[in-house]
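J.: Handing you a structure now.
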Amino acid sequence: MKTIQDCLKERILVIDGAMGTMIQKHKPTEATYRGERFKNWHTDVKNNSDIMNLTQPLIIENIHKEYLEAGADIIETNTFAATSIPQADFDLQPFVYEMNVEGAKLARKAAGQYTAQDPGKPRFVAGAIGPMNKTLSLSPDVNNPGFRSVSFDEVADAYYEQVKGLTDGGVDILLIETIFDTLNAKAAIYAIKKYFRETKKNPLPVMISGTITDASGRTLSGQTLEAFYTSMMHIKPLSIGLNCALGAEQMRPHIEELSYIAACYVSAYPNAGLPNAMGEYDEQPEETAHFIEEWARQGFVNIVGGCCGTTPDHIRHIAEHVKKIKPREMPVLEAIL
């Protein structure tokens, strides 16, 4: 069976689109999120997508299959906020490990079915590790800039539990994504390294994906793209890239810059344009695919897909537009003596 490294040498790989967008197409209610298992839970759980790994596994599995059918080579687990810190909002910390195990198993099952149908095109599962709803670099209190609502050790411990669950569930890759605070990402990297050191398991490849929040070209915690790249490279990631916040048109200059400096593969999965006044995304699949095809022809990318607002139709168009284009070649970078 080909590894993901084998596949990346051959072609541009396609990662899936938005999970949240697809969940919302089902118009889920409070009862949908609760399912039978949490029918009498003492807090509201609406919009907690991660709990659906436990309460609505068929919905999640079918979303994975829709993306695989559309041509995705990599599907992400439904675990973006499946850590104890954001789940504390719902008092669901005791179920975090299980959310990650089941999220990984659902994606693994779907990917396995599609790989079995076409062994020449293996499908891979990326364990989604999100940025959390608390940040280590920024104070939530404008009157006390030194205050932090969480410590590095607390964040690292939360990520460690997630990494254990994703790994036990059978993911192929760990994807630290939508990074707006590099220190949170550092805690995730620390947790990953600690987990594989302590368990003596073979380390999984790690994908890194940051978020440039506006035209300044910086992350929310103030780093330039080059500084962000430099501060992440010690983990020797499989890929580094950008997702979320921007549409493909706005993301282009940042992906171009990254493609020149990155000593690893480059990924990009933008939103379906910028949100409209109602917070919805209007960019059509062929529009998104047109932008991404241009990046591919310029030699900027190795992995492409979609973030907020994108659907299986977006992924289908993207996959079709890049399938015959050579992947970005790794630059020869001078060693720093």
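The values are calculated or read from the model by the stated rules, or taken from the named source; none is laboratory data. What you are looking at is a predicted structure, and each value in this text was computed from that prediction instead of being measured. Don't worry about glycine lacking a Cβ; one is built from the backbone with ideal geometry, like all the others, and counts go over all protein chains shown.
J.: Going by the conditions given, is residue 21 among the β-branched types (Val, Ile, Thr), surrounded by fewer than 22 Cβ atoms within 10 Å (Cβ to Cβ) and closer than 30 Å to residue 328 by Cβ? Reasoning before the result, please.
T.: On the way: among the β-branched types (Val, Ile, Thr): yes; surrounded by fewer than 22 Cβ atoms within 10 Å (Cβ to Cβ): yes; closer than 30 Å to residue 328 by Cβ: yes.
Yes.
Yes or no, residue by residue, for (1) over 17 Å from residue 32 (Cβ atoms); (2) crowded, with 19+ Cβ neighbours inside 10 Å; (3) among the hydroxyl-bearing types (Ser, Thr, Tyr):
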{"site": "52", "(1), (2), (3)": "no, yes, no"}
{"site": "55", "(1), (2), (3)": "no, yes, yes"}
{"site": "99", "(1), (2), (3)": "no, yes, no"}
{"site": "106", "(1), (2), (3)": "no, yes, no"}
{"site": "118", "(1), (2), (3)": "yes, no, no"}
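J.: Right, another one. As an exercise: evaluate residue 175 against (1) touching a helix residue (DSSP H, G or I) at 6+ places or on another chain (Cβ under 6 Å); (2) crowded, with 24+ Cβ neighbours inside 10 Å; (3) modelled with pLDDT of 95 or more and give the number of the one condition it does not meet.
T.: It fails just one condition, (1).
J.: Looking at residue 47 and the list (1) in contact with a Phe, Trp or Tyr (Cβ under 8 Å, 6 or more places away or on another chain); (2) crowded, with 19+ Cβ neighbours inside 10 Å, which single condition is not satisfied?
T.: (2)
J.: If you don't mind, there's one more thing I want to ask. Mind telling me which of the residues 116, 104, 110 ends up being touching a helix residue (DSSP H, G or I) at 6+ places or on another chain (Cβ under 9 Å), more than 25 Å from residue 179 (Cα to Cα) and in a helix (DSSP H, G or I)? It would help to see each step written out before you state the result.
T.: Values: 116 fails: touching a helix residue (DSSP H, G or I) at 6+ places or on another chain (Cβ under 9 Å); 104 fails: more than 25 Å from residue 179 (Cα to Cα).
Being touching a helix residue (DSSP H, G or I) at 6+ places or on another chain (Cβ under 9 Å), more than 25 Å from residue 179 (Cα to Cα) and in a helix (DSSP H, G or I) holds for just one of 116, 104, 110, which is 110.
J.: For segment 35-97, which fully contained helices (runs of 4 or more DSSP H) count at least 1 residues that are touching a Gly at 6+ places or on another chain (Cβ under 7 Å)?
T.: Details: elements: 52-55, 57-70, 84-87.
By residue number, 52-55, 57-70.
J.: Just checking, which of 167, 135 is surrounded by fewer than 23 Cβ atoms within 10 Å (Cβ to Cβ), under 20 Å from the mean Cα position of the chain (by Cα), under 26 Å from residue 231 (Cα atoms) and at pLDDT below 95?
T.: On the way: 167 fails: at pLDDT below 95.
Going through 167, 135 in turn, just one is surrounded by fewer than 23 Cβ atoms within 10 Å (Cβ to Cβ), under 20 Å from the mean Cα position of the chain (by Cα), under 26 Å from residue 231 (Cα atoms) and at pLDDT below 95: 135.
J.: May I pose another question? Quick one: residue 14 ticks every box in (1) in contact (Cβ under 8 Å) with a residue 60 or more places away in the chain; (2) in a helix (DSSP H, G or I); (3) buried (at least 16 other Cβ atoms within 10 Å of the Cβ); (4) of a type outside the set (Gly, Ala, Ser) bar one, so which box is it?
T.: (2)
J.: Hey, does segment 308-316 have a residue that's modelled with pLDDT of 95 or more, farther than 23 Å from residue 125 by Cβ and hydrophobic (A, V, I, L, M, F, W, C)?
T.: Taking every residue of segment 308-316 in turn, none turns out to be modelled with pLDDT of 95 or more, farther than 23 Å from residue 125 by Cβ and hydrophobic (A, V, I, L, M, F, W, C).
J.: Looking only at residues in segment 17-60 that are among the hydroxyl-bearing types (Ser, Thr, Tyr) and without any contact (Cβ under 8 Å) to a residue 24 or more places away in the chain, which one is farthest from residue 125 (Cα to Cα)?
T.: Of all residues in segment 17-60, those among the hydroxyl-bearing types (Ser, Thr, Tyr) come to 21, 29, 32-33, 43, 49, 55.
After this cut, where a residue has to be without any contact (Cβ under 8 Å) to a residue 24 or more places away in the chain as well, the list is 29, 33, 55.
On the way: 29: 28, 33: 24, 55: 21 Å.
The extreme case among them is 29.
J.: Continuing with the same structure: I'm told residue 250 meets every condition in (1) within 22 Å of residue 330 (Cα to Cα); (2) surrounded by fewer than 20 Cβ atoms within 10 Å (Cβ to Cβ); (3) polar (S, T, N, Q) except one. Can you identify the failing condition by its number?
T.: For residue 250, the failing item is (1).
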